[in-house]
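Novice: Quick one: this structure, given as structure tokens, is what I'll be asking you about.
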Amino acid sequence: MERGSVAGRPALTVRGELDLATAPVLAQAVDGELSPPPRSLVLDLTPTAFMDSSGARELVRVARKAAAAGVALHVVAPHENSAVRLTIDLLELGAVVPIVASAAEIPAASAEREARP
Amino acid sequence: MSDRSPPDAALRTVPEEALLRCADEPIAIPGAVQPHGVLLAVTEPDLAVVMASANATGFFGRPVDALDQVLGDADLARLTDGLAEGLTEVDPIRVQVAGEPVDLVVHRADGLLLTEWEPVPGAEQAGAAWHRRLPTVLQRLSAAATLDDLTEVLARDVRALTGFDRVMVYRFDAEWNGEVVAEDRRADLEPFFGLHYPASDIPAQARALYATNWMRLIPDAAYRRVPLEPAAHPLTGRPLDLSGAMLRSVSPVHLEYLANMGVRASMSISLIDRGRLWGLIACHHYAGAHRPAYADRTAAEFLGRTASLLLHTKVAAGEQSGVVEVAQRQAQLAAVVGRTPRELAAVLTDGPVTALDLIPAGGVAVRINRQLRLLGRTPPAERVGPLVSALLAAGAPVTDAVSRAVPSAADLAGTASGALVVPVGGDDFLAWFRPETVREVAWAGNPHLSKTTQTDDGPRLSPRRSFDAWSETVRETAQPWREHEVAAARTLAAALTDAALSWAAEDNRLATALQRTLLLEELPTVPGFALAARYLASAEDVVGGDWYDLVPLPGGRVSIVLGDVAGHGLAAASITAQLRHALRAHLLRASGPGVALDGLNEVIAALLPGEMATAVVVELDPATGEVVVANAGHLPVLHVTSTGTHLLAEGRGPALGLLDAAGYRETRVRLAGADRLLLYSDGLVERGRNGLAAGLEALREVVRLAPAEPQALLDAVLTAIDPPDIDDVTLVGIARS
């Protein structure tokens, strides 16, 4: 889990596997990001090597938490990363989780100026 | 803007070799003194001058051949009496030179009597008031309960006495690196408290000198050195030993060092614990030259000597206090573990007292029941498990130099230069991490950015150079783990192991019992069709969320179900049981598999919020071979026909629990001839070497070539794919008999 910024927005990048063992780490990291809630948050799964159903369930929970906090969430999952993208598509997570295929699809945040200080 | 050269230029004027040169420098015999006094080396008993500092003639207004030329009879008598009595009784003798009061201080070296003459005018006087308070100060020193208290009192009172802008107490570690452990300073100055300095800042021969000579003073670091004349001792032919002289001129490297830090005047007093140099009281002045009066310096030295005698008692008390704190937290954690045995990982990372509170560390990783939680600053989640395994394999579960035990972890030095790992049964563990010590240093700002501070006195530079040098000595090492910290970690781990084992055994018993009810003892017979099912538990015998089911429907049709709840263990097993039974009820009532899945989805949304599951339902009409398939986020059913092997991409909808109302679609196929269907869980395909897509492709290839008979088909699939045993695997095969 790595903090940074993507498309001018605060971002968490998930490296390695997002599975039963590591889902709690994502939960903790997101809780940290959401207090206090930023205007938007990017979750970058581009370098994520693997995601199982527990990881997917955590993504859904993250999406609900973000929505409840009024945070615009963007989850980046490129089609080239089939290990993650195929799971997302089979589960149709896009019904709940705002998925984009690349950071370029995220609306620029320049007007909001909310990159990390 | 300042007209001085920029700080980096100033830094560059100290060449790298200067530090090395410094170590060889003959600091005891500089052949010169500082200009705030005069040195005359005389023979005894005639007090004839054999060597003099070059400023002597100017000071006395005439060349001096013997002391009786410059001392009055009374002063001379006091000196000669003192020489007979013992030198310590002499210092200082207040004498008059050209009508001005002068403090005369004497000591013997190289067979000569070294007399040093320091004018009283120009010296700062703390005044009699301070000296009257001396008993109170001594009382404060001895009353200090801890080492921190003692050094704090010392810094404060030495500053009150001497008037320096900053007074630090500086402690050496075993390798002679120093740390500022107490500080009193002018309010506008940046704190140096907590800063570290490399051993090279105070070279060995300087430390040797400090162990015998208790005090050094440089009233004006911009001074011009005053040579001794003649340069060599006339009897030995060698330079005069000035190690005991208060006017001794110091190394030019040291003066550059002071200049780099913006220090104009400095004084240091040794702190010696039972014969070993323990640390220093280091005094800095920035505003200008600064010379406390001899009497005040003596009083400050006296405070240093007194504190030195007290050091070993306070050191012991300080070490003890850490032990008590750790023991207290250990007791608190043990109580929490006892109260909340089922949520150990959560309690240890999110509770009021966490595993990170137990031991001073940067971060902690808690892996219990295969679930990893991180707290504080740790390596990234995906590196923690491999690092812990590597440390255990290397036989270095407790180390303050991780990269020495596991070279591939060198890039983790920022969070894990030190690691304390204790296994908690199975693959579980607790691991505390300490960062590279260099990063732990409490710089007021980023040491790699500007360390120049503009003050009223111009730009001032912090000892960044020292920081750099010091960093090299501690690269990729952390503060060592203390014995009682390791013991506390192991005790906590033992408590966790006991709690986890007993509860894991209980959970597993329950979950296994529950799961057994989910698996059918025997598959119902379906006329004209053969069915087979397999359930493989994971290696750790942790119950997963897979289930399968066969539900005979009115009218002869039968629903074949394969589902998977996200998660593992007792919680997942109980959800699995609820979903299986709920789906049964909906299948019996619903008009088709899509509507049944809609009903099941509503159950999750209403009763199990936050949970997620996938399921595929195949409704078979044995009379016609018609099959209706609805799939809620599950892996696609494999349909083998005479024309090929197809992954059913139709009749799909989102996983259960995502939406309040999903509206699952259905797709229809027909089982004819040797056609067969395969339903399977993700454990079969997702952990393959090349990921899920490759796993699906491999499965398709295996099924294409496998026998049609379901039992043989499943055996062939499992043999060929040999799924890793970290997840449970479920398979159901259907074909005409």
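The numbers here are math on the coordinates, done by the rules we state, and not lab data. The model shown is predicted, which means the values in this text are computed figures rather than measured ones. Don't worry about glycine lacking a Cβ; one is built from the backbone with ideal geometry, like all the others, and counts go over all protein chains shown.
Novice: To check you understand DSSP bridge types, tell me what percent of the beta bridges within region A:2-104 (both residues inside) are antiparallel, rounded to 5.
Specialist: Bridges in region A:2-104 are about 30 percent antiparallel.
Novice: Taking the dipole about the Cα centre of region B:519-736, with the C-beta of Lys and Arg at +1 and of Asp and Glu at -1, give me whichever of B:Ile734, B:Ser574, B:Tyr548 is farthest to the positive side.
Specialist: The listed residue farthest towards the positive side: B:Ile734.
Novice: Among B:Ile560, B:Ala419, B:His290, pick out the residue whose Cα is farthest towards the positive end of the charge dipole of chain B, where Lys and Arg carry +1 and Asp and Glu carry -1 on C-beta, about the Cα centre.
Specialist: My answer, from the dipole projection, is B:Ile560.
Novice: Just grab the label-to-label distance for B:His646 and B:Thr525, each label 7 Å out from Cα along the Cβ direction, in nm (one decimal).
Specialist: My value for the distance between the label points is 3.2 nm.
Novice: Let me ask you something else. Would you please classify the overall shape of chain B from the alpha carbon gyration tensor, given that a ≥ b ≥ c denote the square roots of the eigenvalues, rounded means a/c under 1.5, and beyond that prolate means a/b larger than b/c while oblate covers the rest?
Specialist: Here chain B falls in the prolate category.
Novice: Mind putting a number on the dipole of the protein assembly as shown about its Cα centre? Charges go on the C-beta only, +1 for Lys and Arg and -1 for Asp and Glu, and I need it in Debye to the nearest 20.
Specialist: 960
Novice: Nearest 0.05, what FRET efficiency do B:Asp273 and B:Asp188 give at R0 = 30 Å with Cβ-Cβ as r?
Specialist: Plugging the Cβ-Cβ distance into 1/(1 + (r/R0)^6) gives 0.35.
Novice: Determine the calculated [θ] at 222 nm for chain B from helices alone, applying -39500 (n - 2.57) to every DSSP H run no shorter than 4 residues and normalising by the residue count; nearest 500 deg cm²/dmol.
Specialist: Calculated at 222 nm, the ellipticity per residue is -11500 deg cm²/dmol.
Novice: Quick one: length gained pulling B:Arg305 to B:Asp498 fully straight, 0.36 nm per residue minus the C-alpha distance?
Specialist: Length difference between fully extended and current span is 64.2 nm.
Novice: Give, in nm to one decimal, the length gained when the segment between B:Glu697 and B:His581 is fully stretched (0.36 nm per residue of separation minus the Cα-Cα distance).
Specialist: 38.5 nm
Novice: Now a separate question. Using the alpha-carbon atoms, what tilt in degrees (0 to 90, nearest 10) does helix B:483-518 show relative to the longest principal axis of chain B?
Specialist: 10
Novice: Now for a separate question. Quick one: putting +1 on the C-beta of Lys and Arg, -1 on the C-beta of Asp and Glu, what dipole do you get for region A:2-104 around its Cα centre, in Debye to the nearest 20?
Specialist: 360
Novice: When the dipole is taken about the Cα centre of region B:211-256, and only Lys, Arg (+1) and Asp, Glu (-1) are charged at their Cβ, what size is it in debye, to the nearest 20?
Specialist: That gives a dipole near 40 debye.
Novice: Are there trypsin sites (Lys or Arg not before Pro) in region B:239-287 that DSSP marks as loop and that have at most 11 other Cβ atoms within 10 Å, and which are they?
Specialist: Hits after loop and neighbour filter: B:Arg274.
Novice: Separate question: Name the residue from B:Pro609, B:Gln479, B:Pro203 whose Cα lies farthest towards the positive end of the charge dipole of chain B, charges +1 on Cβ of Lys and Arg and -1 on Cβ of Asp and Glu.
Specialist: Projecting each Cα onto the dipole axis, the largest value belongs to B:Pro609.
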